Each structure stands twice: as C-alpha cells, then as structure tokens.
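The structure appears below as structure tokens.
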Amino acid sequence: MKSKRFMVLAVLSMTLMLWGCGKSSSSSGGETSVLDGGAGENATALSYWTFVELHGKHFETMLQKWNEANPDRQIKLNVTVMPYDDMHNKLSIAVQTGQGAPDIADIEVGKFPDFLKGTPQLETLNDVVEPYKDTIVKSRLDLYSKDGQIYGLPTHVGATVAFYNTEILDQAGVDYTKIKTWEDYKKAGIQVYEKTGKYLGTADTSAVWQSAMMLSQQRKDFTDDAGNPVVNSPELIKGLGILKDLQESNAVSTIAGGQPDTEEAYGEFNNGNYASAMMPLWMMSRFTNYMPDLAGKIAIAPMPVIEEGMPRSYGGGGTGTVVTKTAKDTKLAKDFLAFAKLSLDANIQIWNTLGFDPVNMDVWEMKDVTHNPDNQFVKYFKNNPFDVLNEIKDEIQLIKSTPASPTINNVLCTTTLNEIFEDGKDIAEALNEAQKQIEQQLK
C-alpha cells in the first residue's frame, strides 16, 4: 500500500453502535451450524461465535480455501450465531472464567474496549499480522490493540455514504447528485414530502450513526484527547440541531426500530416509505439480503455536509475477530484467522460475499473485482460503490472507540436521542443531562 494511504487512513475508525443481529435458541443461546469446508476425518474442530449471520458465509468460503491449501492442517468450523447482547455477555463471562469460550469470536467495536480491560484474555495476533501489515489500513488494527499488542482483526473500513432511493426522488423531481449540503438535503426533503408524502430520511433514536456523522464533519468526537466524554459539545448541539430542523421540516422522521439497520426499518425502506439512509458501506449487504424490492433503485453518493469542503465520510461500525486464551489449538486458530481476514484473497471475498469495503485498499483499485458485472452488489445498485469510495477515500474521518464508548452509546441511544426526536426536548438541555449521567456512570 502506498505511504499516502497510510497517512490518510490513519484517521479511520469505527463508531460505537452494534450493526448486526442473529438468531436465537440452542444450548449456547444461538443457532449452530457445522462447516466442514471439504475437510477430512482428521480435521481439527474449532468453534466460532458471531452476532452477524452473514459473517459465517465469508468464513465458509475461506474455510474451503484453507483446507485446500493446508491438507495437513484442515479445520471444521462450528459456527454459532447469537443475538448481539447475548453473545457479548456470554463471551465476557466465558473469557473471565476461562470456561466455555469459543476458539474464535467476533467482538463489535463498541464492546471491544470492555475485553481489553486489565489483562486481556485474548491471544495477541502480532505474529500472524506481520506478513500483511504493509497492505492493511493501520488504524483498523490499532482499533483492536492495546499497548502495542493486536488482539482483533478487522472486517472492513466502514466508510459512511448516502443511499438514495432514486425511484422516489424521480417522482419528486429531485436529483440526488445535486445534494451537497444539509441545506440542499432539506430543500430536497421538503420537495419529496410535498410531492410524494414520503420522508427523504430518518431521525435516528437508537443509534449514534448520525451523531457521529455530524461530529466527524466538524472534526470532533464524543470524547476528548484523553478519552473523557464530551457529548454536550457545541458541535454535537449544532449537528443535532440540523437534524431536528430537518425533522420539523418533514424532510426526515423517526423510523420503526430507531435506525436504518434494524429488521423493522428494512421493511419501511423496502416499502418505499423513506428515500435515503446515511450509513456505512456495509449497509449494502442489508439492502441485498433484506430489501429485494429496491434492486436497481438505490444510488450511492457522498453524504451531505454542513458546509462544502468539510469531510464527507467517517468510518462507522465494525467487528474485531479474536482468538481466546482457551482456544484448543492457538496457532491453528490464529493462522486461519489471519488467512480468512487479512490475505488479499480474503479481502476480495469480503467484498464479493459481504459487500464490505476491504481494509486492504489495493482491492479498491482492482476494477476486475470492484466492477465485475456478475457481482451481486454491482448488479443491485444503480452506480458502482467504489466510484464513490475512491472519490471520498481521503476524507474518511475518525470517531474513536474508547472505554467510555459503551456508556456514551447506552445513554444517548436509550434516553437522549429519544428525548430530542420523540419528545421534543431542548437539545442543549438533553445533552447536558446526558453528560452528567455519563460522567456519573463512569465514576
């Protein structure tokens, strides 16, 4: 990777909100499937926990490739998908007690700081990262590190973009390519509502995607340089004020589920009740899997900004995959994990299977991969996502994940955003109360 990429993308990171869900029921609280990847009878069985069902599809592909390339080190993978909270709670107890933990597990970025407290009960991965470190966006690794030790491997960059339903916009006479600022977005939203009765976008109450979006444009964060919470900053007050004005203008509205990445919201979008979402690029997989009626209608563009010239993206969401201290074959688990997530082939498959923006940015420039007409994501969306990604790649900003992040996320998403967008509470007052509540809980 060119040195410029490292300088630019050293600011990449992910927000604090969960971005997936799994199924329930089974002895471990989830649904387990066995992937053999063509392995023989002497294969080692490893267990893998995740809260995102789609991740299992990627591991299934990479398992087949691993077993073909390593006939003497073959693996069978027992994949258990659990709901977000259940999985993280069970994993936390398991690693703390040293009993019942899987060999490999996904940990969402907002939860990851909890697993790094004290002495992490996770294997360090520096040795298996070494062969790939010059091709992987460094900040993706730094996010899952402590004291120079890497404990988790990333899945994507998570560049945030705007997804527009062009069918609705065409009905309203709106050209999404002309939307550059939030003022442009407001005018478009008013026009969409007046012409179609639909909302242009959402006012999120159960996720901080939009709050992070507004902060990143102003090059600010939920925490200061020392990691202390600052949720009542002038920048967040301003950003939420813009969103509240959009709501009062009928350009946006709250949505079932509280944010675009929920089962309830998928139905709302699929039914054409909302015409846009500002979400990380991994949202593409939600469209293709859960919103089939929108195929051919969704265009991707840079997100609007407060003032032209401000950065038009930030890294949102994410998962670090780990090997636990109690793994039955640590070296095998680590070698496979690096192969499945960091190799060039893995990054190509992450795009092909999951629709994520790979952390190996060499893939971003491989047009035979990114513009493959047979790719499901290329076929689904009106324009090619990598045309947009390469336009904004120097603008993707940092929103940190810190030990305070889970508390910040919880207070904003369970209380504050609902007060502002559902109850009409004064924004500054709501954020001042949130600041006090967060500080109290962190004592």
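Computed quantities for the displayed model
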{"read-out": "Residue in region 226-249 that is nearest to the chain's Cα centre (by Cα), counting only those that are surrounded by fewer than 16 Cβ atoms within 10 Å (Cβ to Cβ) and not charged (D, E, K, R)", "value": "Gly227"}
{"read-out": "Selection from region 364-385 of residues that are touching a residue at least 24 places away in the same chain (Cβ under 8 Å) and in a helix (DSSP H, G or I)", "value": "Trp364, Glu365, Gln376, Phe377, Lys379, Tyr380, Pro385"}
{"read-out": "Residues of region 249-271 classified as part of a loop (DSSP other than H, G, I, E, B) and among the hydroxyl-bearing types (Ser, Thr, Tyr), total", "value": "3"}
{"read-out": "Residue in region 166-184 that is under 24 Å from Gly317 (Cα atoms), assigned to a helix (DSSP H, G or I) and touching a residue at least 12 places away in the same chain (Cβ under 8 Å) present", "value": "yes"}
{"read-out": "Selection count where residues are touching a Leu at 6+ places or on another chain (Cβ under 8 Å) and part of a loop (DSSP other than H, G, I, E, B), scope region 208-229", "value": "4"}
{"read-out": "Condition met for Leu215 (of a type outside the set (Ser, Thr, Tyr), in the same structural domain as Thr407 (by TED's automatic domain parsing) and farther than 23 Å from Asn410 by Cα)", "value": "no"}
{"read-out": "Test: residue in region 407-421 that is polar (S, T, N, Q), closer than 13 Å to Val231 by Cβ and in contact with a Gly (Cβ under 6 Å, 6 or more places away or on another chain)", "value": "yes"}
{"read-out": "Filtered residues of region 96-107 (kept if in contact with a helix residue (DSSP H, G or I) (Cβ under 7 Å, 6 or more places away or on another chain) and buried (at least 16 other Cβ atoms within 10 Å of the Cβ))", "value": "Ala101, Asp103, Ile104, Ala105, Asp106, Ile107"}
{"read-out": "Single match in Tyr185, Tyr193 (criterion: in contact with a strand residue (DSSP E or B) (Cβ under 8 Å, 6 or more places away or on another chain), surrounded by fewer than 20 Cβ atoms within 10 Å (Cβ to Cβ) and not basic (Lys, Arg))", "value": "Tyr193"}
{"read-out": "Test: residue in region 200-215 that is more than 21 Å from the chain's Cα centre (by Cα) and among the polar types (S, T, N, Q)", "value": "no"}
{"read-out": "Residue among Gly309, Gly317 that is among the small types (Gly, Ala, Ser), within 27 Å of Ala212 (Cβ to Cβ) and touching a Leu at 6+ places or on another chain (Cβ under 9 Å)", "value": "Gly317"}
{"read-out": "Only listed residue being more than 21 Å from Trp351 (Cα to Cα), surrounded by fewer than 16 Cβ atoms within 10 Å (Cβ to Cβ) and at pLDDT below 90, chosen from Gly29, Gly40", "value": "Gly40"}
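Let's see how each residue does on (1) without any contact (Cβ under 8 Å) to a residue 24 or more places away in the chain; (2) in contact with a Cys (Cβ under 8 Å, 6 or more places away or on another chain); (3) more than 30 Å from Tyr199 (Cα to Cα); (4) part of a loop (DSSP other than H, G, I, E, B):
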| residue | (1), (2), (3), (4) |
| --- | --- |
| Ala105 | no, no, yes, no |
| Gly110 | no, no, no, yes |
| Asp114 | no, no, yes, no |
| Thr119 | yes, no, yes, yes |
| Ile136 | no, no, yes, yes |
| Arg140 | no, no, yes, no |
| Thr160 | no, no, no, no |
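The values are calculated or read from the model by the stated rules, or taken from the named source; none is laboratory data. The model shown is predicted, which means the values in this text are computed figures rather than measured ones. Because the Cβ atoms are built from the backbone with ideal geometry, glycine has one as well, and the counts that use them run over all protein chains shown.
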